1. Please go through (1) in the same structural domain as Ala174 (by TED's automatic domain parsing); (2) surrounded by fewer than 24 Cβ atoms within 10 Å (Cβ to Cβ); (3) touching a residue at least 24 places away in the same chain (Cβ under 8 Å) for Asn95 and return the number of the only condition it doesn't satisfy.
2. Just checking, which of Val185, Val202, Val165, Val147 is hydrophobic (A, V, I, L, M, F, W, C), part of a strand (DSSP E or B) and free of Cβ contacts under 8 Å to residues at least 60 places away in the same chain?
3. Confirm whether Asn151 is polar (S, T, N, Q) and assigned by TED's automatic domain parsing to the domain that holds Pro196.
4. Checking Val226 against (1) touching a Phe, Trp or Tyr at 6+ places or on another chain (Cβ under 8 Å); (2) more than 16 Å from Val119 (Cα to Cα); (3) surrounded by 15 or more Cβ atoms within 10 Å (Cβ to Cβ), which single condition isn't satisfied?
5. Restricted to the stretch 216-248, and to residues that are outside any strand (DSSP E or B), within 23 Å of Ile56 (Cβ to Cβ) and not aromatic (Phe, Trp, Tyr), which residue is modelled with the lowest pLDDT?
6. Which of the numbered conditions does Glu220 fail, given that it passes all the others? Conditions: (1) without any contact (Cβ under 8 Å) to a residue 12 or more places away in the chain; (2) assigned by TED's automatic domain parsing to the domain that holds Val79.
7. Go through the stretch 141-153 and give me each residue that's farther than 17 Å from Thr231 by Cα and either among the small types (Gly, Ala, Ser) or crowded, with 20+ Cβ neighbours inside 10 Å (or both).
8. Go through the residues of the stretch 54-69 one by one and say whether even a single one is surrounded by fewer than 18 Cβ atoms within 10 Å (Cβ to Cβ), modelled with pLDDT of 95 or more and within 18 Å of Glu32 (Cβ to Cβ).
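The values are calculated or read from the model by the stated rules, or taken from the named source; none is laboratory data. In this text, all values refer to a predicted model and were calculated from it rather than measured experimentally. Ideal geometry is used to build each Cβ from the backbone, glycine not excepted, and the neighbour counts take in all protein chains shown.
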Amino acid sequence: MKRMRLPLLALAAAGALALTACSTATEDPGTEPVENPEFEAGTTMAELAEAGEITIGTKFDQPLFGLQGPSGTPEGFDVEIGKIIAAELGISEDNINWVETVSANREPFIENGEVDIVVATYTINDERKEVISFAGPYYMAGQSILVLADNDDIQSEEDLVGQPVCSVTGSTPAANLETLGAEVVATDAYGNCLEPLRSGQVVAVSTDNGILAGLAAQNEGEVKVVGEPFTEEPYGIGLAKDDTEFRMWINDVLEEAYEDGRYEEAWNATAGTVLPYVEPPAVDRY
């Protein structure tokens, strides 16, 4: 199969306009920081709590999950998950440093210490676990297909074989498309796939169903999601390799948020404005 790369500079402006024109999030559910949390000395949790701030990598271009709002602060379900973790460290929303992480730079940012964690529609897989660790999963997505509203020819992944399909460099969906036999047209952000879809340069955009639902909601009547999800994509929280104590602690936080309603509240305020609520998957304490 053949891989092409779109001219990013030519598409960046159009993609940015499409993605920042509106926000799908409702009122921020809010997360109060824990007062004076106590952690064992020398752990990542203790260091972050003492510093009083955390740097979190997320997407800035993904409606429902991580989209940079008019204020410059990202909004979405991933963002809310990051706030829940920060709050358990005693860190307020104002002391979260948000860093944009695209699919291709998530592992390097973690490895280089540019971020403390990454919450960015980040599929857990064995290849990535060779260089970083994952907490979670906290959401089970599935790869799907976005086409123009008047396209009735593409109904499933089988219809993508041999066809030009847009996805993002370094993403699991792009790798899945190559395996499928599609002609991958690669860019650095899913918003940049909309213009080549409109122009006919590609017949479809393919990535996780939640991301596509957000794009469809922002471009209602122009595009649609078709077919059933054809993969399982467990979203996890990326952190430094072998930081087992931090990973296990984040898993504890996730499970507590599932039980006390914070997780569902975060979902309903963001992705839940478009997608139905489903019970979160069990965390993997590997």
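1. It is condition (1) that Asn95 fails.
2. Numbers: Val185 fails: free of Cβ contacts under 8 Å to residues at least 60 places away in the same chain; Val202 fails: part of a strand (DSSP E or B); Val147 fails: free of Cβ contacts under 8 Å to residues at least 60 places away in the same chain.
Among Val185, Val202, Val165, Val147, only Val165 is hydrophobic (A, V, I, L, M, F, W, C), part of a strand (DSSP E or B) and free of Cβ contacts under 8 Å to residues at least 60 places away in the same chain.
3. Considered against the rule, which asks whether it is polar (S, T, N, Q) and assigned by TED's automatic domain parsing to the domain that holds Pro196, Asn151 comes out as yes.
4. Every listed condition holds for Val226 apart from (1).
5. Step one: of the stretch 216-248, the residues outside any strand (DSSP E or B) are 216-219, 221-222, 227-232, 241-248.
This time we only want the ones that are within 23 Å of Ile56 (Cβ to Cβ), so: 241-248.
Restricting the remaining residues to those that are not aromatic (Phe, Trp, Tyr) gives 241-245, 247-248.
Details: Lys241: 97, Asp242: 93, Asp243: 98, Thr244: 98, Glu245: 98, Arg247: 98, Met248: 98.
Checked the stretch 216-248; the qualifying residue modelled with the lowest pLDDT is Asp242.
6. Only one criterion is unmet by Glu220, namely (2).
7. The first filter runs over the stretch 141-153 and keeps only residues farther than 17 Å from Thr231 by Cα, leaving 147-153.
Within the stretch 141-153, Val147, Ala149 meet the criteria.
8. Within the stretch 54-69 (the criterion being surrounded by fewer than 18 Cβ atoms within 10 Å (Cβ to Cβ), modelled with pLDDT of 95 or more and within 18 Å of Glu32 (Cβ to Cβ)), the answer is no, since none of the residues qualifies.
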